[in-house]
Amino acid sequence: MKRKNKRPRKLMRTRNRDRVNRLRKQQTIILTPVFILVLIKLGLDEITTPLKMVERLMLLSGKLDGNLNFPITSPTYIELKTMGGDLADTVIAIDGGDKSLIPHRDTLMLLAENMIRKLSYDIQNLSNGDAEKINSAGFAVRKGSGAPQPVGEVMHLKAKALGAGKVKLRWRKVAHSRMNFIESTVDPVNVPWKPFAKTALSSYTVEGLTPGELVFYRVYGSNNLGDGNPSDPAEQRSL
């Protein structure tokens, strides 16, 4: 009877080692955790009217008043309530016939949105991604895979007069930004910057300017982690 050829021990050891390495790799893949981050869902797209903005401000103010999870926030619940009251009074005055307050109402809407956005950054950080705590502050939550990245600085902002009280703003696309906010001032040293518009694009046309007026502009990006650094100011005199 013929004897079966025995496999060389060296070959067997090599195959066993390769088999063990494959199993280790499979185990590593199975045990590697998937990082899921709980983020605040702002729902700002659902605020389509000033009255809905008032309701949102009052809801957040009421949720934060006496909330032990968030005893101190920025902005505070009092500031949110005050903004809601100012916006409500402005809407009532406009409905009563004072149409001159429409630009003021639009400015309050943008300021209110910025307040809610900044509050969401604060709640996100203070809660450490705890969905129950976030809900207690009046915010909904969503899940995002992977860690979000901070917003980059806005670069190469350019302003060009188009005529008829219009100025075209352009800038380089902002890394990781979900929304870009535009501010202006007539004196960057003595007059505070005032937000007046937002866009998800890398350009914006400013309209309704006073012919011959010199205005300074700057832009900053924003996402769930907070605001990025604003651009260097760009100045332009409208035609």
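The values are calculated or read from the model by the stated rules, or taken from the named source; none is laboratory data. What you are looking at is a predicted structure, and each value in this text was computed from that prediction instead of being measured. Here the Cβ is made from the backbone with ideal geometry for all residues, glycine too, and neighbour counts use every protein chain on show.
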Restricting attention to segment 60-71, which residues are in a loop (DSSP other than H, G, I, E, B) and under 21 Å from the mean Cα position of the chain (by Cα)? PHE70
Looking at (1) part of a helix (DSSP H, G or I); (2) among the polar types (S, T, N, Q); (3) exposed (fewer than 13 other Cβ atoms within 10 Å of the Cβ), can you tell me which one SER74 breaks? (1)
Checking ILE36 against (1) surrounded by 10 or more Cβ atoms within 10 Å (Cβ to Cβ); (2) closer than 18 Å to VAL141 by Cα; (3) modelled with pLDDT of 60 or more: exactly one of these is not met. Which one? (3)
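Results for (1) touching a Lys or Arg at 6+ places or on another chain (Cβ under 8 Å); (2) assigned by TED's automatic domain parsing to the domain that holds GLU132; (3) modelled with pLDDT of 60 or more; (4) not aliphatic (A, V, I, L, M), shown as yes or no for each residue.
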residue	(1), (2), (3), (4)
MET1	no, no, no, no
ARG15	no, no, yes, yes
GLN27	no, no, no, yes
THR48	no, yes, yes, yes
Select from segment 171-192 the residues that are surrounded by 16 or more Cβ atoms within 10 Å (Cβ to Cβ) and not small (Gly, Ala, Ser) and list them in ascending order. TRP171, VAL174, MET179, ASN180, PHE181, ILE182, GLU183, THR185
Of the residues that sit in segment 88-107 and are touching a helix residue (DSSP H, G or I) at 6+ places or on another chain (Cβ under 9 Å) and among the aliphatic types (A, V, I, L, M), which one is farthest from ALA197 (Cα to Cα)? ALA93
So for segment 121-133 (the condition being outside any loop (DSSP other than H, G, I, E, B), surrounded by fewer than 16 Cβ atoms within 10 Å (Cβ to Cβ) and either over 18 Å from the mean Cα position of the chain (by Cα) or outside the structural domain of SER61 (by TED's automatic domain parsing) (or both)), does at least one residue qualify? yes
Filtered residues of segment 91-129 (kept if touching a residue at least 24 places away in the same chain (Cβ under 8 Å) and of a type outside the set (A, V, I, L, M, F, W, C)): ARG105, THR107, GLU113, ASN114, ARG117, LYS118, SER120, TYR121, ASP122, GLN124, SER127, GLY129
Hits in segment 134-145 (condition: outside any loop (DSSP other than H, G, I, E, B) and either in contact with a Gly (Cβ under 8 Å, 6 or more places away or on another chain) or surrounded by fewer than 16 Cβ atoms within 10 Å (Cβ to Cβ) (or both)): ASN135, ALA140, ARG142, LYS143, GLY144, SER145
Would you please name the residue that is nearest to GLY165 (Cα to Cα), looking only at residues in segment 187-228 that are at pLDDT 90 or above and of a type in the set (S, T, N, Q)? THR210
Cβ-Cβ below 7 Å, separation at least six or inter-chain, first residue in segment 216-239 and farther than 14 Å from VAL154 by Cα and surrounded by fewer than 20 Cβ atoms within 10 Å (Cβ to Cβ), second modelled with pLDDT of 90 or more and among the hydroxyl-bearing types (Ser, Thr, Tyr): which pairs? PHE216/SER184; PHE216/THR185
Mind checking which pairs have a first residue in segment 187-209 that is more than 17 Å from PRO103 (Cβ to Cβ) and a second that is of a type in the set (A, V, I, L, M, F, W, C) and in a loop (DSSP other than H, G, I, E, B), Cβ under 8 Å, 6 or more apart or different chains? SER202/TRP171; SER202/VAL174; SER203/TRP171
